[in-house]
1. Only one of these is on the phi < 0 side of the Ramachandran plot, touching a Leu at 6+ places or on another chain (Cβ under 7 Å) and modelled with pLDDT of 90 or more: G106, G111. Name it.
2. Restricting attention to region 23-45, does a residue exist that is surrounded by 10 or more Cβ atoms within 10 Å (Cβ to Cβ), modelled with pLDDT under 85 and not small (G, A, S)?
3. Considering L104, L86, which residue is out of contact with any Ser or Thr (no Cβ under 6 Å at 6 or more places or on another chain), touching a residue at least 60 places away in the same chain (Cβ under 8 Å) and aliphatic (A, V, I, L, M)?
4. Could you say which residue among S126, S68, S95, S62 is at pLDDT 80 or above and more than 26 Å from L31 (Cβ to Cβ)?
5. Determine whether G78 is out of contact with any Ser or Thr (no Cβ under 7 Å at 6 or more places or on another chain), at pLDDT 90 or above and either aromatic (F, W, Y) or surrounded by 12 or more Cβ atoms within 10 Å (Cβ to Cβ) (or both).
6. Among the residues in region 60-68, are any of a type outside the set (G, A, S) and loosely packed, with under 13 Cβ neighbours inside 10 Å?
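The values are calculated or read from the model by the stated rules, or taken from the named source; none is laboratory data. Every value quoted in this text rests on a predicted model; they were computed, and no experiment measured them. For neighbour counting, all protein chains shown are included, and Cβ atoms are generated from backbone atoms with ideal geometry for every residue, glycine included.
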Amino acid sequence: MATAQRGGNLQSVPEASAPRWAARLALVGILGPVFYVVAIAVMHLLRPDDIVRYGNTISLYSVGPYGSISIAAFVALGLGALALSLGLRRAVTPSRALPVGYVLVGLFGLGFCLAGIFRLAPNTASIEQVIKGENPTSPGQSTAWEVSGVSSA
């Protein structure tokens, strides 16, 4: 184990051995994004015509064949970011900026976990269509007003 220099403490010495949990959190924090990149690259190979260069998002891969790969990629990236956030909180020497950093990384991770859980649903009504005055339903699909018997006239 490294010794602290004069005027420092053991936490500020970079050669100090990290606890096992910190090493495991760091490993999860590395493997999550690596799995995400590999999984999305595989999705580009499995479904090359699904994503147009401009206009669609990667989350569109979660609907349709091989969608579970995309969902697993989002959840893995989210869990990796959450592990990194927890590791930052516990292993880094406290400072004034540290809480902002680990909270933002944690929110990023939570967002990607939620993106994996709540999939994109194409051809559904959105608030953008309602604001523009467009019909938010597909042809042949009933609106909630028509199903309930309320006329729109």
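1. Details: G111 fails: touching a Leu at 6+ places or on another chain (Cβ under 7 Å).
The match here is G106.
2. No, because not a single residue in region 23-45 is surrounded by 10 or more Cβ atoms within 10 Å (Cβ to Cβ), modelled with pLDDT under 85 and not small (G, A, S).
3. Result: L86 is the single residue among L104, L86 that is out of contact with any Ser or Thr (no Cβ under 6 Å at 6 or more places or on another chain), touching a residue at least 60 places away in the same chain (Cβ under 8 Å) and aliphatic (A, V, I, L, M).
4. One residue alone meets the criteria, S95.
5. Working: out of contact with any Ser or Thr (no Cβ under 7 Å at 6 or more places or on another chain): yes; at pLDDT 90 or above: yes; either aromatic (F, W, Y) or surrounded by 12 or more Cβ atoms within 10 Å (Cβ to Cβ) (or both): yes.
It is true that G78 is out of contact with any Ser or Thr (no Cβ under 7 Å at 6 or more places or on another chain), at pLDDT 90 or above and either aromatic (F, W, Y) or surrounded by 12 or more Cβ atoms within 10 Å (Cβ to Cβ) (or both).
6. Within region 60-68, one or more residues are of a type outside the set (G, A, S) and loosely packed, with under 13 Cβ neighbours inside 10 Å.
Every residue, every condition in (1) β-branched (V, I, T); (2) in a helix (DSSP H, G or I); (3) touching a strand residue (DSSP E or B) at 6+ places or on another chain (Cβ under 9 Å), yes or no:
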residue	(1), (2), (3)
A26	no, yes, no
G29	no, yes, no
P33	no, yes, no
A39	no, yes, no
M43	no, yes, no
I51	yes, no, no
P65	no, no, no
A76	no, yes, no
